[in-house]
Every structure is written in structure tokens, then in C-alpha cells.
Amino acid sequence: MIEVSDDGAVRTLRMAHGKANALDVELCEALTNALREAEASSARAIVLTGTGSIFGAGVDLVRLSSSREYVARFLPALDEVLWTLYFAKKPVVAAANGHAIAGGMVLLCACDHRILARGKAQVGIAELRVGVPFPILALEIVRRAVAPERFQEAVYRARNYSADEALARGFVDELCEPAELAARAKSVADELAAIPARTFALTKERLRAPAREFLEARMRASQAETIAAWCEPETLAAVRAFVERTLKR
């Protein structure tokens, strides 16, 4: 599910979960554990990537719409992996090998440097198109990553954007050719790994402090509210309708 490899000071975590790296409880838990192990290891930087033509295709909507019990397990697991990734003390470089949609884009935005392979990849936050409200942590991660003047449009329109459009909107920091993605990500990770570890960790902690303070005051109440909203009949009906439309394409 998470393939781990070390190369010098850099640990690469490759998501390899089904055809689309759909976020479910199992993938969230596996990635959380892999990130924590990387943080505790001798690696000085982390690269997060996917498999094939997909970095991350978002939440497993079929399972999401299956029961309230699943939603109540999934959302805390999603918050846990996003928190672990966003507030990791070590530098994390995203090597987005392909599509990064909805939850996949949030994972992308949670990284410290984001590289997207040129080609047919689509990047976007589709939550409102699916019909589900954003968890507060996911929304704040995206808010603090994308160009401010593009943030509201990205959320409300819920469009998918091409690689060039994603770069223009601040979804990613740079583009590169697919064949060069792994090497480029390793190069950036090595640059960040060369910074004294305590220096980087303190700087990142201070950069993330406003988000942490905002979230810590609201996370618990917001998570319960989000679970309730995702389980409302209208929301579940919208999710099922979106799945049906997608399957017909």
C-alpha cells in the first residue's frame, strides 16, 4: 500500500493502493504510519509520490456512502494523515506523477514543495461538485497553499485544471517532464535535507503556527459537525448521484 525506499538522506513514500490511490481508512492509516516512521528515521527529507498516472484520485466515494459508521471512522483517519503530513518536522516534497483530485490535491498542498509531471494530469478540489463539505483541516491546507485570489474560485467551481493552469493558480510550485520527476524531486529533497534539521523544523513550525493555532481551537467541534453533514440524506444522495454519473462516462 505504501512502498518505502531510501536513497541517501531521502526517504520516498510511494502510494500504491488500487488503481487510483483512492483515500480510504486503510490508506490513510498506512500513510500516517509511514510518515511517522519516516519522521523517526535517519532520513532528513521525504518524497511523497504515487503510481502510474495517478497521484491521488480523492476519497473512495463508494465506501464513503455506505454507512454512517464508515464516515465516522474515515474522517478522523483523514484528519490524522493530513495533520501528520502538514505538520511533519522534516521537509516533504510532493512528486505528483499524475492526477491529483479532491483529497489527492489536499495531500499535494500539504507538502512543502510540490512538483507536477507535465502531460494529461488534472488537478482540482472536487468536494463541492461531489456534494460534500470540506473538513476544516483540508480547507485550511488548501487555503494556505494556493494563490489567494484563486482560492475561492477553486473551491466553489470545483474544476479540474491542467498542469499549466495548476501552476498558474499556485496549486503546484513547478512542472517537469515525467521522465525527470523522480530525479527532480530527489534534487529538491536533497537541497532541503542539507539545511540543519533543527533550523528547518523550527522555521517550518513557525510558518505553520497560524494554521495550527486556528485549527487547534476548532478541530474537535468541526470534525463532529462534518461527520454529521456528510451523513445527511441530501449529502449521501449527492455522492451516490456523482458516482453514478462518473461510472456512466
Anisotropy class of the stretch 2-193 from Cα gyration tensor, a/c 1.5 cut: oblate
Dipole moment magnitude, nearest 20 debye, the chain about Cα centre, only Lys, Arg, Asp, Glu C-beta charged: 280
DSSP-assigned coil residues among trypsin sites (Lys or Arg not before Pro) in the stretch 42-100, each with at most 13 further Cβ atoms within 10 Å: 89
Amide proton proximity set for residue 94, modelled H, under 5 Å, gap of 5+: 48, 112, 113, 114, 115
Neighbour-count ranking [beta-carbon atoms within 10 angstrom, fewest first] of 171, 200: 200, 171
Distant-in-sequence amide H partners of residue 54 (H built 1.01 Å from N, under 5 Å): 99
Dipole of the chain [Lys/Arg +1, Asp/Glu -1 at C-beta], most positive-end residue of 61, 48, 8: 61
Helical segments meeting 24 Å axial Cα length and Kyte-Doolittle 0.0 threshold in the chain (DSSP H): 68-86
In the stretch 2-193, lysine pairs with alpha-carbon atoms under 27 angstrom apart (chain gap of 8 or more, or interchain): 5
Least to most buried among 111, 176 (fewest other Cβ within 10 Å first): 176, 111
Residues 199, 49, sorted so that the one with the fewest Cβ neighbours within 10 Å comes first: 199, 49
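No lab work stands behind these numbers, since they all come straight from the coordinates. The shown structure was predicted, so the numbers you read here are calculated from the model rather than taken from an experiment. Backbone-built Cβ (ideal geometry, glycine too); neighbour counts: all protein chains shown.
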